[in-house]
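J.: Encoded as structure tokens, here's the structure I'll be asking about.
Here, each number is a calculation from the coordinates, and none is a lab measurement. Please read these numbers as outputs of a predicted model, since none were measured by experiment. As a convention, Cβ positions derive from the backbone with ideal geometry for all residues, glycine included, and neighbour counts pool all protein chains shown.
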Amino acid sequence: MKKLLLLAILIVPVLLNAQNAHQRMDFAKEKLEQKDTLSALAFYEQALRLEPRNPEVYATRASLYNQMGRIKEAKADYDKAVMVAPKEAKYYNQRASFFNLNGYDQYTITDAEKALELAGNNAEEKNKAYYFMAEGKWNLGNLEAALADYERLLANNPESGIEIGSLLSSARILGQLKKHKEAIARLENLVAKYPDFTAGYNNLGFQYTQNGQYEKAIEAYNKNIDLIEKHNTDNYDLQSGNKVLTGGKQKAPPLNNRGFAKYKLGDNKAALKDINASLEIDPKNAFAYKNRALVYIAAKKQKEACADLQKALELGFTKTYGTEVEELIKEHCKE
């Protein structure tokens, strides 16, 4: 009887601590829903005092730190989560996601490979590992290796979010490899399966354009714009990977791209209307200035064209897209 009583005395505080730690995490979640970040952080701190070796608390707080731009603290918490749970794939995947978002591509690959090693029969963690391996390799320019990882993932029946990202990213890689027909087939599959995914249509239109199918490109951009107006959904700028365009800015990329397709069909007036509308929404889009310069060149408006090419250069076109603007300046702006 004494042994049972002693065991109960030992177990009850542990259970209370665990319950309290979980409660603190729930409180933190409530505070985040109320946009009270400081109170949420205080509750995470309380949870860690109760359970200093709880990897979930570290990983959850790390995610919040990352959203706040407190990168150093985020990394420290992800490191702690991995340290206290070194055999759990999910924490390596979460740190891989952090590395991927912050441009640490080789670290992304290393953590994803470790997650894959530990995942065993856990299909969800396996697929996440393949995804982050592919992302890291793609960012490092290893296109074929990245494509192979996306293919392995897609063959493994991933959940919808990862499937969407993988279909989109692998299609873009196929486009980079000049396999535009394969890219188009993949994107057509994507929008057929997920018809409300706006970015799918913008990327499909881009691949149609690259393949010289300008009428089809315009149809895809029209669908993209219609969906944005209908749902007011976020449209990820997946071509640069830099940010999410919200509010009215969502329409800027498809308007610019549709304008370029119209320019390729020789309809300069309609092209100019679309590109001007795009630049009114997002006046810092270097690609749109380049496209408008092409329309001006076709209309023999050299002064306006050269001004736009210079603006594209100032906005960092070369770093993001290559030397096309510099070459156009040499050809058309000799004065």
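J.: Using θ = phi - 60° and the Karplus form 6.51 cos²θ - 1.76 cosθ + 1.60, what ³J(HN,Hα) does each residue of the stretch 203-213 get, whole Hz, x for Gly and Pro?
T.: Listing the rounded values in order: 5, 5, x, 4, 5, 4, 4, 4, 8, x, 9 Hz.
J.: Amide H to amide H under 5 Å from GLU51: which residues, 5+ apart in sequence or cross-chain, H placed 1.01 Å off N in plane?
T.: Close amide H contacts, sequence-distant or interchain: none at all.
J.: Between LEU265 and ALA277, 0.36 nm times their residue separation minus their Cα-Cα distance comes to what?
T.: 2.4 nm
J.: Once every DSSP H run of n ≥ 4 in the chain is given -39500 (n - 2.57) and the sum is divided by its residues, what mean residue ellipticity at 222 nm do you get, rounded to the nearest 500 deg cm²/dmol?
T.: Numbers: 18 runs with 259 residues, N = 335.
Here the helix-only value at 222 nm equals -25000 deg cm²/dmol.
J.: Rank-order 36-43, 222-229, 57-64 by packing density, defined as the average count of other C-beta atoms within 10 Å over each peptide's residues, highest first.
T.: Details: 36-43: 16.2, 222-229: 18.9, 57-64: 22.6.
The packing order, highest mean first, is 57-64, 222-229, 36-43.
J.: Sticking with this structure for a sec: Quick check for me: using +1 on Lys/Arg Cβ and -1 on Asp/Glu Cβ, what's the dipole size of the chain about its Cα centre, in debye to the nearest 20?
T.: Working: 48 positive and 44 negative charges, 57 e Å.
Roughly 280 debye for the chain.
J.: Still on this structure: Contour minus end-to-end for ALA299 and LYS330, with contour as 0.36 nm per residue of separation and end-to-end as the Cα-Cα distance?
T.: Computed gain between ALA299 and LYS330 is 9.3 nm.
J.: Just to check I understand the Karplus step: with θ = phi - 60° and J = 6.51 cos²θ - 1.76 cosθ + 1.60, what whole-Hz values come out for the stretch 82-94, glycine and proline as x?
T.: My calculation for the stretch 82-94 gives 5, 5, 7, 9, x, 10, 9, 4, 4, 6, 5, 5, 5 Hz in order.
J.: Kindly express, to the nearest 10 degrees and within the range 0 to 90, the angle between helix 2-33's C-alpha long axis and the longest C-alpha principal axis of the chain.
T.: For 2-33 against the chain, the angle is about 20 degrees.
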